[in-house]
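Structure first, commentary second.
The values are calculated or read from the model by the stated rules, or taken from the named source; none is laboratory data. Source: prediction; values computed, not measured. Neighbour counts run over all protein chains shown; Cβ positions are idealised from the backbone, glycine included.
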Amino acid sequence: MTTLYICATPIGNLSDVSPNLLETLRSVDLIAAEDTRRIQKILNKFSIKNRTLSYHKFNVRQKTASIIAFLNEGKNVALVTDGGTPGIADPGSELVAAARREKIKVVAVAGPCAAVAALSISGLNADRFCFEGFLPAKEAAMRQRLQSLTREDRPIVLYEAPHRLLKTLRAIQSIFGDAQIFVARELTKKFEESMFGTAENILAHFTKHAPRGEFVIVIDAGAGAGDGKKPAAGAVAVLGEESAGNLDALIAEMQKQNLPKKQISKIAARCFSLSAKEVYKRLIGC
């Protein structure tokens with residue numbers, strides 16, 4: 001049966017290539033690639049000779065139609081991107097949707113994904129997470145998007161390019177305050193680097209050391225997010241008697257439900273536009 005294979009490729013280390021991927025790349029009639037030079041490195045390393053076709057965000061409309069026509073001739077196609085899983089902040093969804101409309105079988109050849117790789121080493125609870133991919137290029141739109149995420153209580157995963165990293169970190173600092181963030185650079189590659197701290201700390205590091213490579217940013221949402229200002233010490237104390245009483249009542253109610261202290265702190269902080277850290281201090285009586 002004619003099949004479109006959505007193939008995940010290594011995000012850095014070519015040793016992450018799976019036998020399933022190699023078998024697929026050998027067997028299909030055409031490999032559609034975001035950058036034919038990138039996939040050629042894998043093909044050369046594993047002595048695979050096959051036809052490739054350029055398929056990227058600037059030619060999606062034109063090439064989607066030609067690939068679908070090729071599939072309708074009974075041919076099999078593998079789709080790959082520069083690294084990771086097609087369709088995840090990369091070209092692919094348009095082609096898959098078109099294949100579905102034509103009743104063409106679509107199969108995933110599973111493999112690396114930078115977002116999941118970063119989450120797995122962040123130390124944050126990733127049972128649930130929010131994936132935002134690349135933020136808008138224009139600063140005003142980027143800040144608006146980040147502001148819309150301040151009510152999230154899930155880790156937020158972003159992709160970023162080196163030339164935009166400092167601007168993005170400044171925006172995160174101003175909007176999420178002292179929330180902890182995890183930054184991974186060049187995952188699985190020779191110069192892989194990762195760090196955990198506030199946006200301010202990480203911004204200072206990359207101001208001294210020019211950003212290079214591809215970045216994944218994970219924001220520990222709910223800790224310090226809110227009004228765009230860094231929470232001051234004793235923030236809860238200036239709520240006023242009535243609001244402070246309401247906060248204490250909310251904390252008491254959640255304690256009756258045996259919720260974890262960290263979860264109570266995040267929920268109460270969002271309700272009262274406070275820092276989760278300061279709510280936690282009040283919770284434990286510090």
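Might you check whether a residue that is closer than 26 Å to N13 by Cβ and touching a Leu at 6+ places or on another chain (Cβ under 8 Å) occurs anywhere in segment 55-71?
Pass one, segment 55-71, residues closer than 26 Å to N13 by Cβ: 55-57.
Going one step further and asking which of them are touching a Leu at 6+ places or on another chain (Cβ under 8 Å), we end up with 55.
Yes: one or more hits.
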From the set of residues in segment 144-183 that are touching a residue at least 60 places away in the same chain (Cβ under 8 Å) and over 19 Å from S265 (Cβ atoms), which is farthest from the chain's Cα centre (by Cα)?
Q147
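To keep it simple, each residue is scored yes or no on (1) surrounded by fewer than 18 Cβ atoms within 10 Å (Cβ to Cβ); (2) modelled with pLDDT under 95.
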| site | (1), (2) |
| --- | --- |
| I48 | yes, no |
| L53 | yes, no |
| A65 | yes, no |
| L71 | no, no |
| K75 | yes, no |
| T81 | no, no |
| A89 | no, yes |
| E94 | yes, no |
| A99 | no, no |
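State all residues of segment 24-43 that are of a type outside the set (A, V, I, L, M), under 13 Å from I6 (Cα atoms) and free of Cβ contacts under 8 Å to residues at least 60 places away in the same chain; if no residue qualifies, say none.
The one that is of a type outside the set (A, V, I, L, M), under 13 Å from I6 (Cα atoms) and free of Cβ contacts under 8 Å to residues at least 60 places away in the same chain: E34.
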Helices (runs of 4 or more DSSP H) fully within segment 198-286 counting 2 or more residues that are modelled with pLDDT under 75, of a type in the set (D, E) and not assigned by TED's automatic domain parsing to the domain that holds G83
241-256
Among A97, A141, A115, which is over 19 Å from the mean Cα position of the chain (by Cα) and in a helix (DSSP H, G or I)?
A97
Single residue of segment 184-209 satisfying the filter (without any contact (Cβ under 8 Å) to a residue 24 or more places away in the chain and among the aliphatic types (A, V, I, L, M)) that is farthest from H163 (Cα to Cα):
M195
Hey, does segment 20-43 have a residue that's within 30 Å of the chain's Cα centre (by Cα), more than 20 Å from A110 (Cβ to Cβ), among the acidic types (D, E) and surrounded by fewer than 19 Cβ atoms within 10 Å (Cβ to Cβ)?
yes
